[in-house]
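Novice: Can you read through this structure? Questions will come right after.
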Amino acid sequence: MNNSRARSLGFTLLPILLSLMITALLIIAVGQNPLDVLTVIWQGGFASTTSIADSLNLWIPLTLASVALIVTFTAGLWNIGVEGQMMMGAIFASWAARTLDFPSPILIPVELLLAALGGAFVGLIIGVLKTRFNINEIFSGVAINALVNVFSIYLVSVLWRAPEGGNVQSTPPFRQSAWIPPFSPDFSVSLLMVVLVIAITVLVALALRTTRWGLRLKATGKNPRSALLLGVPTERTTLSAFMVCGMIAGIAGSYRVLFTYHSLRPGASGGIGFLGLLIVLLLSMRMMWVPLVAFIFAGILAGSSRVQSRLQLDQSLAGVLQGILVLTVLLFNGIRERLPERWRGEAPHE
């Protein structure tokens, strides 16, 4: 068992180390010291109260997106449409923030609930296309992402534009009672959302491990045909996976518009859903590691914004690291699948 865990840990760490080495070589090639870049990223992401707050504000939606994706990955589904689910959640939450005149203690839960419904709606569309029309979720997810983004552009530039014209890059700011409040002016993080993220992570982990629904997801993900022959309602299970993923992703999207921006803007999800895909691949769906790894990635993203001003390197360096990491993770996963089962770091199948 110890050898199995060591091999499993090795297959997780080796892609990270290899991608870091390649990124370091690229930094050296442009005439910079990798240690200087690492220092700047550390200072921007982890070294002060402000930088930790910035990292946590990325960690909240990133952890939610990653947890959501584990649900669909467990069912054997590549939910590329998670970005669209986040954006639809942001749109539904924005409608509530603009339209409903409730006091803040009532309005904020309503916004989060509507965001969950918006994400579930998009998940349901992808699930129906998968189960009823046999359209691969990768293709439908890409299409949904594009359609939802175009819809958000229409809302910002036409339907929800300020009467005087305003900024075509975002809607006018929501009234303050619709904002998710920060913990304090000195630590601008929503304690409510931190607690909600932890609660959702624990609930999903327990549901996947201990409930009949979780067993059905695993059976469908392992072999849908065999699961169907054994009496598992695979179509309903697939739809539920997409909808639960969409609900959680929708809440993640609402945080971006109700806390980060205080308005709706195209691309408000910021690629966080795709980064969640990377985290799930990297961890091989190990739920317990998601919050920690998501915080590390959030810190790298937050810190990379300082690289350009301090070292005259483009802040897209973080995107380069992510891209290299995706390739190395896929490479090592491919190698892992070709190894005998006893060398994969997995327990043998009974």
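None of the figures in this text is laboratory data; all of them are computed from the coordinates on show. Note that this is a predicted model, so its numbers are computed, not measured. Note that each Cβ is placed from the backbone with ideal geometry, even for glycine, and that neighbours are counted across all protein chains shown.
Novice: Given Cα pairs under 8 Å that are at least 6 residues apart, what percent is the relative contact order of segment 202-283? Numbers along the way, then the final one.
Specialist: Numbers: 35 pairs, mean separation 11.9, N = 82.
Here the relative contact order equals 14 percent.
Novice: For the residues Met287, Met87, what sequence is obtained by ranking on other C-beta atoms within 10 Å, fewest first? Display every interim value, and only then the final one.
Specialist: Values: Met287 19, Met87 32.
So the ranking, lowest neighbour count to highest, is Met287, Met87.
Novice: At q = 0.10 Å⁻¹, what log₁₀ I(q)/I(0) does segment 55-312 have when each alpha carbon counts as one equal point scatterer in the Debye sum?
Specialist: -0.48
Novice: Compute the relative contact order of segment 55-312 as a whole-number percentage, counting only Cα pairs closer than 8 Å that sit 6 or more residues apart in sequence. Could you put the intermediate results ahead of the total?
Specialist: Numbers: 438 pairs, mean separation 106.6, N = 258.
It rounds to 41 percent for segment 55-312.
Novice: Of Val71, Val329, Val202, how do they rank once you tally other Cβ atoms within 10 Å and put the fewest first? Could you put the intermediate results ahead of the total?
Specialist: Numbers: Val71 28, Val329 23, Val202 12.
The most exposed by this proxy come first: Val202, Val329, Val71.
Novice: Right, here's the next one. Please order Ile200, Ile135, Ile126 by the number of other Cβ within 10 Å, starting at the fewest.
Specialist: Details: Ile200 18, Ile135 15, Ile126 31.
So the residues, fewest neighbours to most, are Ile135, Ile200, Ile126.
Novice: Counting only helical runs of four or more DSSP H residues, what would the 222 nm mean residue ellipticity of the chain come to if each run contributes -39,500 (n - 2.57) and the total is spread over all its residues?
Specialist: Working: 14 runs with 243 residues, N = 350.
Helix-only estimate at 222 nm: -23500 deg cm²/dmol.
Novice: So, one more: Among Leu339, Leu217, Leu191, whose mean-square fluctuation peaks in a Gaussian network model of the chain (Cα, cutoff 10 Å)?
Specialist: Leu339
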